[in-house]
Amino acid sequence: TGMWLACNAPERFKKIILANTGARIGTQDIWNARITTVLDKGMKALVDATIERWFSKKFREAKSPIIGKVRQMLLTTPKHGYAGCSAALRDADFRWSIGGVKLPTLVITGSLDPATPPEGGEFIAQRIPRAKLVSLEAAHLSNLEKSEQFTREVQSFLG
């Protein structure tokens, strides 16, 4: 959503932050498989693998209460909503249009993120002129896993 807005409605923003994302995320096959799984078996079939992608092993082993809250959020997500989001991600490809963004941009990656690997954020930062790239030692939900560092970077950029 953020990339689409930056590409198609940049006049609405002074700056943008693109965190734990990629200009192209995954493959059509990955997303199609997730759509089929969730529609056939429900959210419960996807939760454990999602938690593994979204949080680093170290964070999971620390037994943070955040993980339980995210697990519950996933379990209560309507399967058709998840399928629709998956279809949107499957079909989104900003690899070429992202280079036209002229807004000051902060790109945050998680160095341990298998869902949106750091290379995806690096690609975005290379394509957007003068983008600032920050890498946190976290997986996909770096805003939760490294909340203080994440917040510091965001505040510094927006300040």
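The values are calculated or read from the model by the stated rules, or taken from the named source; none is laboratory data. A quick note: this is a predicted structure, and the numbers were derived from the prediction, not measured. All Cβ positions, even for glycine, are placed from backbone atoms using ideal geometry, and neighbour counts span all protein chains on display. What goes into the accessible areas is simple: the full protein's heavy atoms, side chains included, and nothing from ligands, DNA or RNA. Shrake-Rupley method; radii C 1.70, N 1.55, O 1.52, S 1.80 Å.
What to note about this one:
- Within the stretch 55-101, the set of residues being part of a loop (DSSP other than H, G, I, E, B) and over 21 Å from LEU144 (Cα atoms) comprises PRO78, ALA92, ASP93, PHE94, ARG95, TRP96, VAL101.
- Filter pass, ILE98 being under 19 Å from GLY2 (Cβ atoms), open to solvent by less than 40 Å² (accessible area, probe 1.4 Å), out of contact with any Lys or Arg (no Cβ under 6 Å at 6 or more places or on another chain) and in contact (Cβ under 8 Å) with a residue 40 or more places away in the chain: no
- Single residue of THR37, THR21 found to be part of a helix (DSSP H, G or I), crowded, with 18+ Cβ neighbours inside 10 Å, polar (S, T, N, Q) and in contact with a helix residue (DSSP H, G or I) (Cβ under 9 Å, 6 or more places away or on another chain): THR37
- Any hit, the stretch 63-84, residues being small (Gly, Ala, Ser) and open to solvent by 50 Å² or more (accessible area, probe 1.4 Å): no
- Members of the stretch 114-123 found to be assigned to a loop (DSSP other than H, G, I, E, B), crowded, with 17+ Cβ neighbours inside 10 Å and in contact with a Lys or Arg (Cβ under 8 Å, 6 or more places away or on another chain), listed by number: ALA115
- Here LEU133, LEU106 are screened, and the one residue that is in a strand (DSSP E or B), within 22 Å of LYS14 (Cα to Cα) and open to solvent by 50 Å² or more (accessible area, probe 1.4 Å) is LEU133.
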